[in-house]
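Chemist: Once you've had a glance at the structure underneath, I'll fire off some questions.
The values are calculated or read from the model by the stated rules, or taken from the named source; none is laboratory data. Because the structure is a prediction, the values reported are computed rather than measured. So basically every Cβ, Gly included, is an ideal-geometry build from the backbone, and we count neighbours across all protein chains shown.
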Amino acid sequence: MYNNFIMSKKFYIETMGCQMNKSDTERLEGMFTELGYEKTVNDKEADFLLVSTCAIRQTSVDKAYSQLGVWGKRKKNNPSLKIGICGCAAEIDKESLFKRMPYLDLIFGTHNIFKFPEFVKRVENDEKVCEITNIPYPEPKELKVNRQNTVGAWIPIIEGCNNFCTYCVVPFTRGRERSRMPQLIIAEAEKAIKDGKKEITLLGQNVDSYGKDLHNSNITLANLLRSLNKIEGKFRIKFVTSYPTDITDDLIEAVAECDKVSKFFHIPMQSGNSRVLKAMNRRYDREQYFEIFNKIRNRFDEVEITSDFIAGFPGETEEEFQDTLSAIKELQIDYSNTAIYSPRPFTKAGKMIDIFIPDEIKEERFQRLHTVNCEATLNSNKKLVGKVYEVLCECQKNKKGKMMMNARTSTGKLVHFPSDTDLTGQFINVKIVKAQTWCLYAEIV
Ligand code: SAH
Ligand code: SF4
Ligand code: F3S
């Protein structure tokens, strides 16, 4: 009873970047809660502020640092406020951040998030803590994960990357590939399903590498999917991201045979031109990517394949860029994440200064890439019109006075349909009646 009268301290975490960072945040939130902190969604009332950063492009880093600047000013009026930074940008700038941002109390990297409770205790004792190591701190056997308020659960299966694509900073921020033991993953998935989650998304920078570092030929992504598929209950399983040439026939077969696994592959191509792919150190050319893509397309009656592309890689010519546009059109890629090339520290491409593409050309190429991507996405959505799909309802929203459900097809397409009843967390059959670029409209059948 007495405890009820003690105000618990509040934490706020701002998360940038990919699902891996979002998953890290769920774990950090769990640890904060175990320490007696309460979560707030209003940074103004927090006692402990943390930003989980992304370094994939310079804009992400700039965004994180400007957020810290705002919090730093707030500390002038509230000296007991604690401010921390973690994630991929922390791995790059390390302790130099203390000089740049003297108001920081805590800097830690992606390898030691499980040491977080110790960091918080030290910061509470007014110590300035900076810990960036490349030796992973072991994961505790029992870990509380504060899952976000969504119908699905993200479960990391492999951390880091060994590929060293010449544009990418991830191998320098997340380190080398480290797979989690299958027992841990299965136990986490079972718990999530027991807690009512309806979708498991397996995460990794390169999920197809899963198990390679565990030196047991039975531990593969395909076999992990088969094990997860046996968990009782109605739910879906997805996995992201795949590296084109690492997708095995066994993985494709596992996706085909497991009824709970979504028929969905995210396979970034990055460029449609073979010379550029080589300069990017991607281990395939245009023809090989096409082969893999078509092999998957032809194996399923219906499958969604999405991709990522970069516009304006150093030295990319106009003709080479057009190969990217034609790849999207020829393959009819269902959806792509598109980005303007951003030079990154430590990377090979980041040093190719004399062949950098001017900003205005990069921008102009990006606009054309965006347009072609939108057309391909709309075409892909149009194919669903008139058909019935089972969708997973995510939340109810009031749209102009009408109650609408937001739901997703098993391949991740966003579907809106009218429903006065809140169907969040339920699987419902709907008929698609209209397609737009970023969503589909449907009605319950
Ligand atoms: N492991 C995944 C992608 C991880 S990073 C893969 O191999 O595809 C997510 C995406 O960010 C990449 O697919 C790429 O398209 C983009 N990206 C990475 N580095 C970038 C850079 N320097 N500039 C612009 N986009 C970049
Ligand atoms: Fe980056 Fe390439 Fe690794 Fe993907 S595969 S995380 S793009 S280095
Ligand atoms: Fe960004 Fe790190 Fe993810 S750089 S995309 S948060 S792995």
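Chemist: For residue 328, are the conditions met, namely being in a loop (DSSP other than H, G, I, E, B), under 30 Å from residue 442 (Cα atoms) and not basic (Lys, Arg)?
Modeler: The answer is no for residue 328.
Residue by residue, here is whether (1) surrounded by fewer than 20 Cβ atoms within 10 Å (Cβ to Cβ); (2) modelled with pLDDT of 95 or more; (3) of a type outside the set (Val, Ile, Thr) holds:
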{"residue": "388", "(1), (2), (3)": "yes, yes, no"}
{"residue": "392", "(1), (2), (3)": "no, yes, yes"}
{"residue": "401", "(1), (2), (3)": "yes, no, yes"}
{"residue": "414", "(1), (2), (3)": "yes, yes, yes"}
{"residue": "422", "(1), (2), (3)": "yes, yes, yes"}
{"residue": "428", "(1), (2), (3)": "yes, yes, no"}
{"residue": "440", "(1), (2), (3)": "no, yes, yes"}
{"residue": "443", "(1), (2), (3)": "yes, yes, yes"}
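Chemist: Can you name the condition, by its number, that residue 380 falls short on among (1) within 29 Å of residue 317 (Cβ to Cβ); (2) part of a strand (DSSP E or B)?
Modeler: Going through (1) within 29 Å of residue 317 (Cβ to Cβ); (2) part of a strand (DSSP E or B) one by one, residue 380 breaks only (2).
Chemist: Among the residues of segment 25-41, which ones are surrounded by fewer than 15 Cβ atoms within 10 Å (Cβ to Cβ) and touching a Phe, Trp or Tyr at 6+ places or on another chain (Cβ under 7 Å)?
Modeler: If the condition is that a residue be surrounded by fewer than 15 Cβ atoms within 10 Å (Cβ to Cβ) and touching a Phe, Trp or Tyr at 6+ places or on another chain (Cβ under 7 Å), then 39 is the only one that fits.
Chemist: Output the residues belonging to segment 295-314 that are away from ligand 2 (no atom under 16 Å from the Cβ), among the acidic types (Asp, Glu) and either surrounded by 15 or more Cβ atoms within 10 Å (Cβ to Cβ) or assigned to a strand (DSSP E or B) (or both).
Modeler: Hit for segment 295-314 is 304, nothing else.
Chemist: Next question. Return the pairs, sorted by first residue and then second, in which the second residue is among the aromatic types (Phe, Trp, Tyr) and in a strand (DSSP E or B), the first residue lies in segment 393-415 and is over 28 Å from residue 297 (Cα atoms), the beta carbons are less than 8 Å apart, and the residues are 6+ apart or on different chains.
Modeler: That search, which allows pairs on different chains as well, returns 404/417; 405/417.
Chemist: Could you list, in sequence order, all residues of segment 7-62 that are among the β-branched types (Val, Ile, Thr), in a loop (DSSP other than H, G, I, E, B) and free of Cβ contacts under 8 Å to residues at least 40 places away in the same chain?
Modeler: Across segment 7-62, the qualifying residues are 40, 41.
Chemist: How many of the residues in segment 270-294 are away from ligand 2 (no atom under 16 Å from the Cβ) and closer than 14 Å to residue 341 by Cβ?
Modeler: 1
Chemist: While we're on this one: Could you check how many residues of segment 15-39 are within 16 Å of ligand 2 (Cβ to nearest atom) and in contact with a helix residue (DSSP H, G or I) (Cβ under 8 Å, 6 or more places away or on another chain)?
Modeler: 4
Chemist: Further question: All but one of (1) within 22 Å of the chain's Cα centre (by Cα); (2) among the β-branched types (Val, Ile, Thr); (3) not in a strand (DSSP E or B) hold for residue 70, so report the exception by its number.
Modeler: (1)
Chemist: Among the residues of segment 248-279, how many are surrounded by fewer than 21 Cβ atoms within 10 Å (Cβ to Cβ), assigned to a loop (DSSP other than H, G, I, E, B) and among the hydrophobic types (A, V, I, L, M, F, W, C)?
Modeler: Of the residues in segment 248-279, 1 are surrounded by fewer than 21 Cβ atoms within 10 Å (Cβ to Cβ), assigned to a loop (DSSP other than H, G, I, E, B) and among the hydrophobic types (A, V, I, L, M, F, W, C).
Chemist: If we keep just the residues of segment 222-247 that are assigned to a helix (DSSP H, G or I) and of a type in the set (S, T, N, Q), which is nearest to ligand 1 (Cβ to nearest atom)?
Modeler: Selected residue: 245.
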